[in-house]
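Single-structure report; data block below.
The values are calculated or read from the model by the stated rules, or taken from the named source; none is laboratory data. Quick caveat: nothing in here was measured; it's all calculated off a predicted structure. Note that each Cβ is placed from the backbone with ideal geometry, even for glycine, and that neighbours are counted across all protein chains shown.
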Amino acid sequence: MEPNCRCGTAAALKTSWTDSNPGRQFWGCMRFKDNRSNACNFHQWFDPPMCARSKAIIPGLLRRIRNLEDDAKKNEAAAGKIL
């Protein structure tokens, strides 16, 4: 069951992609960063804290995946031009 945030709405389950908490889920206000006067900064971790090793490895792995995906798109585009 999701918690309610300070502004009275149900909190949404979101995923952090920061280098310090990559892939870690948390409950946050659905109106966060919405620039509304009734938005709040509610934040509650859903996942347990990550170990230092995970924090060190995961950001690099995510960058490698992104780079490989970019390379794959470029290769597909180049292959399409050849055919």
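For every residue, the table says whether it meets (1) surrounded by fewer than 11 Cβ atoms within 10 Å (Cβ to Cβ); (2) modelled with pLDDT under 85; (3) more than 14 Å from the chain's Cα centre (by Cα).
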position	(1), (2), (3)
Ala12	no, no, no
Asp34	yes, yes, yes
Ala39	no, yes, yes
Pro49	yes, no, yes
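Could you tell me which residue of the stretch 62-82 is farthest from the chain's Cα centre (by Cα), considering only residues that are of a type in the set (A, V, I, L, M) and exposed (fewer than 11 other Cβ atoms within 10 Å of the Cβ)?
Only one residue fits best here, namely Ile82.
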